[in-house]
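Heads up: the structure comes next, in structure tokens.
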Amino acid sequence: MVRREPYYLDPVVNFMLAHKMLFPARRLVETMAIDTALRERHLEAIAQAEARIAPQPRTATTKPGVAFLGPFFDASGHARINRAVGSALLNSPQFDTSFESTTWPTLSLNHTREGGEIWNASRRQTARLDLTISSSMASKFRPA
């Protein structure tokens, strides 16, 4: 789409960066026929995103970064468990935690006790990433 309609480049690259699709974003920007200044601007943004998730030595003051992926704001038992575990991670002084919801929110933030703090943590990135927890329900159960 972007190669046919170049005016979509900025929103598509921003989407890719927001969803940590760094390799495809870099490949698109490097191979597309665009202005050199625009290419450099996008490559700089991609390099900054890559630096945030690149392995880095941990200092004594750096907390381990934890990214928690799963449903948080829907009316399910699974989301309720994720909110409880997520709240415990947020309240722990040992971890720097961020959240990425994998479902469309169907509950208001005021409906849940932990909603506001989890929502705020979903809008930021950890300083470093040491662990990704993906907690979602399987769509099908099959006998072994």
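Exactly one residue among E44, E40, E50, E100 is touching a helix residue (DSSP H, G or I) at 6+ places or on another chain (Cβ under 6 Å) and either on the phi < 0 side of the Ramachandran plot or modelled with pLDDT under 75 (or both), and that residue is E50. For L38, are the conditions met, namely being more than 18 Å from the chain's Cα centre (by Cα) and in the same structural domain as A25 (by TED's automatic domain parsing)? Against the criterion (more than 18 Å from the chain's Cα centre (by Cα) and in the same structural domain as A25 (by TED's automatic domain parsing)), L38 qualifies.
Here R80 does not fit the description of being under 19 Å from the mean Cα position of the chain (by Cα) and basic (K, R).
Taken over the stretch 1-32, residues that are farther than 27 Å from L69 by Cα and at pLDDT below 90 amount to 7.
The values are calculated or read from the model by the stated rules, or taken from the named source; none is laboratory data. No experiment lies behind these values; they were computed from the predicted model shown. Cβ coordinates were reconstructed from backbone atoms using ideal geometry, including for glycine residues, and neighbour counts include every protein chain displayed.
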